[in-house]
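Participant: A single structure is presented below for examination.
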Amino acid sequence: MKFSKTKQISYLAMFTLVALGLSYLESLIPPLTAVPGIKIGLANLAVIFVLYKFGVKSSFIVSLTRVFISFLLFGSVLSLAYSFSGAIFSITVMSVMKKSEKFSEIGVSVAGATAHNIAQILVALLIFSVSEILLYLPVLMISAVISGIFIGVVGAVTVRRIKIK
C-alpha cells in the first residue's frame, strides 16, 4: 500500500503508541506462571499488523521506537539490552519468513516469539557468562510457541478485518 509521507508517519506513530499501550497493559497483568520473564507479547500485535499492512521497514521502525520509548519511560540499560536485541532478532526473522510467503501470520508470530527469547538468552549469556542460563531456554521456547500462536491468531484476524486507507 502506498501512502503520502505524512499519512504514513501518522499511521506509524499511531501504531507505535498502540504497541506502547499494549506493552504497558501487559505490565499490569499479573505473572501467568511462576517462571519469571514469560510474557504474552501483546505489543507484537501492532508489529505483526504493521509488518503485513506497511512492510518490513515500517515494522522495524514501530518495534524499535516502542522499545526505545519504553526504555525512556520505564526501563533500565539492562532492560534496553534485552528488549532491543529481542526486537531486532524477532523482526528480522519475521520479515524473512513473511517475505518467503510460505508462512501464515501465526507461523511468523511463533518464529518471532522464539527468536525474541533466543536473543534475550544470548544477551544474558554475554552479560552474566553463566551457561546454566541455557537451561531456561526450553521453558522459554514452550511459552514462545503458546504466546506466538495466540498473537498470531489475533494478528491474522486484525490484518484481515482492519482496512487502512
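Participant: Taking the options I146, I162, I142, name whichever one is surrounded by fewer than 20 Cβ atoms within 10 Å (Cβ to Cβ) and touching a helix residue (DSSP H, G or I) at 6+ places or on another chain (Cβ under 8 Å). Steps first, please.
Facilitator: On the way: I146 fails: touching a helix residue (DSSP H, G or I) at 6+ places or on another chain (Cβ under 8 Å); I142 fails: touching a helix residue (DSSP H, G or I) at 6+ places or on another chain (Cβ under 8 Å).
Unique residue meeting the criteria: I162.
Participant: Against the condition open to solvent by less than 60 Å² (accessible area, probe 1.4 Å) and within 18 Å of K39 (Cβ to Cβ), how does V154 come out, does it pass? Give the derivation first.
Facilitator: Values: open to solvent by less than 60 Å² (accessible area, probe 1.4 Å): yes; within 18 Å of K39 (Cβ to Cβ): yes.
The answer is yes for V154.
Participant: Which one of L78, L25, L73 is farther than 24 Å from L140 by Cα, surrounded by fewer than 19 Cβ atoms within 10 Å (Cβ to Cβ) and not basic (K, R)? Don't jump to the end; show me each part of the working.
Facilitator: Numbers: L78 fails: farther than 24 Å from L140 by Cα; L25 fails: farther than 24 Å from L140 by Cα.
Going through L78, L25, L73 in turn, the sole match is L73.
Participant: What are the pairs with Cβ atoms under 6 angstrom where one residue, in segment 82-104, is on the phi < 0 side of the Ramachandran plot and the other, located anywhere, is outside any helix (DSSP H, G or I) and not charged (D, E, K, R)? Sequence gap at least six, or different chains.
Facilitator: The qualifying pairs are M97/F103.
Participant: Those residues that are among the polar types (S, T, N, Q), open to solvent by 20 Å² or more (accessible area, probe 1.4 Å) and assigned to a helix (DSSP H, G or I), I need them from segment 29-69; list them, please. Working first, answer last.
Facilitator: Just the residues of segment 29-69 that are among the polar types (S, T, N, Q), to begin with: 33, 44, 58-59, 63, 65.
From what's left, open to solvent by 20 Å² or more (accessible area, probe 1.4 Å): 33, 44, 65.
N44, T65, listed by residue number.
Participant: Suppose the filter is crowded, with 21+ Cβ neighbours inside 10 Å, more than 13 Å from the chain's Cα centre (by Cα) and within 28 Å of I164 (Cβ to Cβ); does K98 pass it? Walk me through it before giving the result.
Facilitator: Working: crowded, with 21+ Cβ neighbours inside 10 Å: yes; more than 13 Å from the chain's Cα centre (by Cα): yes; within 28 Å of I164 (Cβ to Cβ): yes.
Judged against the criteria, K98 is a match.
Participant: For segment 1-21, enumerate the residues that are in a helix (DSSP H, G or I), more than 10 Å from V50 (Cβ to Cβ) and in contact with a helix residue (DSSP H, G or I) (Cβ under 8 Å, 6 or more places away or on another chain).
Facilitator: Within segment 1-21, Q8, L20 meet the criteria.
Participant: What is the one condition in (1) buried (at least 17 other Cβ atoms within 10 Å of the Cβ); (2) of a type in the set (D, E); (3) farther than 21 Å from N117 by Cα that E105 does not satisfy?
Facilitator: Failed condition: (3).
Participant: The conditions are (1) more than 22 Å from L20 (Cβ to Cβ); (2) polar (S, T, N, Q); (3) touching a residue at least 12 places away in the same chain (Cβ under 8 Å), and S131 fails exactly one of them. Which is it?
Facilitator: (3)
Participant: Right, next: Please count how many residues of segment 44-59 are among the hydrophobic types (A, V, I, L, M, F, W, C) and under 18 Å from I118 (Cβ atoms).
Facilitator: At the first step, the residues of segment 44-59 found to be among the hydrophobic types (A, V, I, L, M, F, W, C) are 45-51, 54, 56.
Subset that is under 18 Å from I118 (Cβ atoms): 47.
Summing the residues that are among the hydrophobic types (A, V, I, L, M, F, W, C) and under 18 Å from I118 (Cβ atoms) in segment 44-59 gives 1.
Participant: Assess whether L134 counts as being open to solvent by 20 Å² or more (accessible area, probe 1.4 Å), at pLDDT 95 or above and more than 23 Å from Y52 (Cα to Cα).
Facilitator: Values: open to solvent by 20 Å² or more (accessible area, probe 1.4 Å): yes; at pLDDT 95 or above: no; more than 23 Å from Y52 (Cα to Cα): yes.
Spelling it out, it is not the case that L134 is open to solvent by 20 Å² or more (accessible area, probe 1.4 Å), at pLDDT 95 or above and more than 23 Å from Y52 (Cα to Cα).
The values are calculated or read from the model by the stated rules, or taken from the named source; none is laboratory data. A quick note: this is a predicted structure, and the numbers were derived from the prediction, not measured. Don't worry about glycine lacking a Cβ; one is built from the backbone with ideal geometry, like all the others, and counts go over all protein chains shown. When the accessible area is computed, the model is the full protein with side chains, heavy atoms only, and any ligands, DNA or RNA have been set aside. Shrake-Rupley method; radii C 1.70, N 1.55, O 1.52, S 1.80 Å.
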